[in-house]
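In what follows, a single structure is set out as structure tokens and then discussed.
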Amino acid sequence: MGSLAEATQLCVTDTGVSVALDPSWEGWGPAGGYLASIALRAAANVVPEGHRPVTLQAQFLSRAERGEARVNASVSKPGSASLVNVAMSQSDRSFFQAQIRTTSRTTGPRNHRLVMPEVPAPERLIGLEDHFSSAGRSLVTFWSKLDCRPVEFRAPGGKPARTDRLQRWYKFRDEPHPVSPFDHAARAAILIDANVWAAHWRMMDSEPDYSGPSLDLTLWFHDVSRYTDWLLLDAVSPTAADAIVHGTSSLWTADGGLVATGGGNCLVVPFASSAIRSGASETSSSPATDQK
């Protein structure tokens, strides 16, 4: 079970590009943010040196299975502001596609009106694993890769939350220092995707009788050059209706730098008809729930 850097390593041969999907980055299946991280790695390989990611728009087409996957990245608009199309498939079945904007430009206005929320430092908070262990429960594999410190922990049916915002500190375990803006952006993809469902789940009055696999993910990268070990995620799920759960997030460095904003939609699939439990979901899966 490798680090994110190892788990997104691409294999380039004469016949194309592939990746071995790492089971340690699974929730209900390969995490949506993990697939987006692979796409960012693929985009970095085809854009000119000095580019950084600006926007990612991803769509999860079907469930990815463990094992090797083909990765195709092509530049549809070259230049100082490029557009890259990335597609992933297994056995000629497409399960993921994304459009990634990159640029080498740096000049322009600098306005920073958003301010990081004031929350306790991570050292003062209890880890997510400890919260669940105290309740006699465990987490899906994905969460073992992260040291997660909730500002306020609430499980469905527990004491009502003080606010509708899900705020958590995250640190990636056993990860090398990110060496490029694409590496840092990959971490943002992991965290923002994972917490669409978590923000919804946190506010429920009882355990859900449905799952919420990811349908899509949109990210805007603001500063992927700054790095701190701990990252603060501030998420909310403001609406759920007509079989869709929606959530948005902002991600901050420990010293107040805004790394990225974004969000996505999850599809409500009742457990009675859900293929996720039998391993044959029709949609790509995100690990977004805290529960096992």
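The values are calculated or read from the model by the stated rules, or taken from the named source; none is laboratory data. All figures in this text were calculated on a predicted structure; none of them were measured in a lab. All Cβ positions, even for glycine, are placed from backbone atoms using ideal geometry, and neighbour counts span all protein chains on display.
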Residues (of a type in the set (A, V, I, L, M, F, W, C), within 25 Å of ALA186 (Cβ to Cβ) and without any contact (Cβ under 8 Å) to a residue 24 or more places away in the chain) located in region 122-153: CYS148
Top-ranked residue of region 121-136 - restricted to ones that are surrounded by 11 or more Cβ atoms within 10 Å (Cβ to Cβ) and charged (D, E, K, R), ranked as farthest from the chain's Cα centre (by Cα): ASP130
Of the residues ALA43, ALA98, ALA20, ALA36, which single one is touching an Asp or Glu at 6+ places or on another chain (Cβ under 9 Å) and crowded, with 22+ Cβ neighbours inside 10 Å? ALA36
Residue set ALA186, ALA194; condition touching a Lys or Arg at 6+ places or on another chain (Cβ under 8 Å) and in a helix (DSSP H, G or I); output residue ALA186
Kindly indicate whether any position in region 89-103 is more than 28 Å from LEU258 (Cβ to Cβ), assigned to a loop (DSSP other than H, G, I, E, B) and either in contact with a helix residue (DSSP H, G or I) (Cβ under 8 Å, 6 or more places away or on another chain) or acidic (Asp, Glu) (or both). yes
Does any residue in region 102-119 that is under 25 Å from PRO78 (Cα atoms) come within less than 8 Å, Cβ to Cβ, of a residue that is of a type in the set (Ser, Thr, Tyr) and assigned to a loop (DSSP other than H, G, I, E, B) six or more places away or on a different chain, and which pairs are these? THR103/SER80; SER104/SER80; ARG105/SER80
Among residues of region 12-31, those that are outside any loop (DSSP other than H, G, I, E, B) and either at pLDDT below 95 or among the charged types (D, E, K, R) (or both), counted: 8
Any chance VAL224 is in a loop (DSSP other than H, G, I, E, B), in contact with a His (Cβ under 9 Å, 6 or more places away or on another chain) and at pLDDT 90 or above: yes
Could you please let me know if SER74 is in contact with a helix residue (DSSP H, G or I) (Cβ under 8 Å, 6 or more places away or on another chain), free of Cβ contacts under 8 Å to residues at least 60 places away in the same chain, surrounded by fewer than 16 Cβ atoms within 10 Å (Cβ to Cβ) and polar (S, T, N, Q)? yes
Taking ASP147 as the residue in question, decide whether it is among the acidic types (Asp, Glu) and buried (at least 17 other Cβ atoms within 10 Å of the Cβ). yes
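One line per residue, one yes/no per condition, for (1) at pLDDT 85 or above; (2) aromatic (Phe, Trp, Tyr); (3) part of a helix (DSSP H, G or I); (4) more than 23 Å from the chain's Cα centre (by Cα):
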site: ARG113; (1), (2), (3), (4): no, no, no, yes
site: VAL119; (1), (2), (3), (4): yes, no, no, no
site: ARG149; (1), (2), (3), (4): yes, no, no, no
site: ALA155; (1), (2), (3), (4): no, no, no, no
site: HIS177; (1), (2), (3), (4): no, no, no, no
Could you check region 212-229 and list, in sequence order, the residues that are under 22 Å from GLY27 (Cβ atoms) and surrounded by fewer than 24 Cβ atoms within 10 Å (Cβ to Cβ)? LEU215, ASP216, THR218
